[in-house]
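Shown next, in structure tokens, is the structure this report addresses.
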Amino acid sequence: MTFLTVPQGQYKIGTTLEGVRNCVKLWQSRLINPCYGTKEFEQWIAKEFPAHVIESVDFELQETLVSNADVRAYIADTGAEVPESIAIDAPEDHPVWGVSIDWAKNYALWMSEKDSSSIYRLPTESEWEIAARGSDFREYPYGHHFNSQCANTIESGFGSTTAVDFFSSTPGPFGHLDLAGNVEEWVDSQYCVYAGGVTIEDDLYQRFGMNYFILRGGSFACGGDLSRSARRHGPFPDPLFRFTGFRLVRERKLVGELSL
């Protein structure tokens, strides 16, 4: 696994009111399910409001999504449930998918136990978005405008996952791959209202209240609107949204913290 540093600094995340309106105008007629109405779609995007600046320390985020090959030793060692991507014999260099938030967290704990020099965890929602937006507040990890050739979304036409390094020519602002598309990514943050925003009582809220973990980045099975850097999705119980994977943050232990 390769980890790339996201430097310390002030970063803007979220979306302005103008950005919400522009997103709805751009994507409303291009949604993969024409049953979604404008008001419903606008509610989902409004969960990103308002845009705000946060201070971040530097952190190391995995360059790629965790692959099927990466998790085989974990499954063999712990007897963990076999993810659907491995059950259907997806390629080894493709991202693991069909995992729950708890599965992803347990994998990170296992990795931490195996590496005496580091601790592994899922990124927080703000860390993930900082890595996707950079200092230039990108609408998509690869730039300011949607491009179906830059990420594996339904518009790209692959119809399945791609290798975790397939889009190496269109990285995020700090070099990370697949922050848009391929499989959705779990982050270790539950839905909350940004300061100055309002609670959005959408379908996820009606099902889970505030008690659901966020997914980021979209997938090959979903439209490019979900691949926007600011988009806050959740575990909707539909086969179309089962393509869930993750990447890790690595924290180096201090010398005094090393296991004996």
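The values are calculated or read from the model by the stated rules, or taken from the named source; none is laboratory data. Please read all numbers here as calculations on a predicted model, not as lab measurements. Don't worry about glycine lacking a Cβ; one is built from the backbone with ideal geometry, like all the others, and counts go over all protein chains shown. SASA here: full protein model, heavy atoms, side chains in, ligands and nucleic acids out. Shrake-Rupley method; radii C 1.70, N 1.55, O 1.52, S 1.80 Å.
Of all residues in the range 92-117, how many are in a helix (DSSP H, G or I), among the charged types (D, E, K, R) and surrounded by 14 or more Cβ atoms within 10 Å (Cβ to Cβ)?
1
Say we look at the range 6-41 and pick out the residues that are outside any loop (DSSP other than H, G, I, E, B), open to solvent by less than 90 Å² (accessible area, probe 1.4 Å) and more than 22 Å from Arg138 (Cβ to Cβ); which of these is modelled with the lowest pLDDT?
Looking at the filtered set, the residue picked out is Thr38.
This table checks each residue for (1) open to solvent by less than 10 Å² (accessible area, probe 1.4 Å); (2) within 16 Å of Gly224 (Cα to Cα).
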{"residue": "Ala131", "(1), (2)": "yes, no"}
{"residue": "Tyr140", "(1), (2)": "yes, yes"}
{"residue": "His145", "(1), (2)": "no, yes"}
{"residue": "Ser148", "(1), (2)": "no, yes"}
{"residue": "Gly157", "(1), (2)": "no, yes"}
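Could we say that Asp89 is on the phi > 0 side of the Ramachandran plot, loosely packed, with under 13 Cβ neighbours inside 10 Å and either free of Cβ contacts under 8 Å to residues at least 24 places away in the same chain or in contact with a helix residue (DSSP H, G or I) (Cβ under 7 Å, 6 or more places away or on another chain) (or both) here? Give the steps one after another, and end with the answer.
Working: on the phi > 0 side of the Ramachandran plot: yes; loosely packed, with under 13 Cβ neighbours inside 10 Å: yes; either free of Cβ contacts under 8 Å to residues at least 24 places away in the same chain or in contact with a helix residue (DSSP H, G or I) (Cβ under 7 Å, 6 or more places away or on another chain) (or both): yes.
Against the criterion (on the phi > 0 side of the Ramachandran plot, loosely packed, with under 13 Cβ neighbours inside 10 Å and either free of Cβ contacts under 8 Å to residues at least 24 places away in the same chain or in contact with a helix residue (DSSP H, G or I) (Cβ under 7 Å, 6 or more places away or on another chain) (or both)), Asp89 qualifies.
Among the residues of the range 179-200, write down those that are in contact (Cβ under 8 Å) with a residue 60 or more places away in the chain, farther than 18 Å from Gly218 by Cα and either under 11 Å from the mean Cα position of the chain (by Cα) or open to solvent by 60 Å² or more (accessible area, probe 1.4 Å) (or both).
The answer is Ala195, Gly196, Val198.
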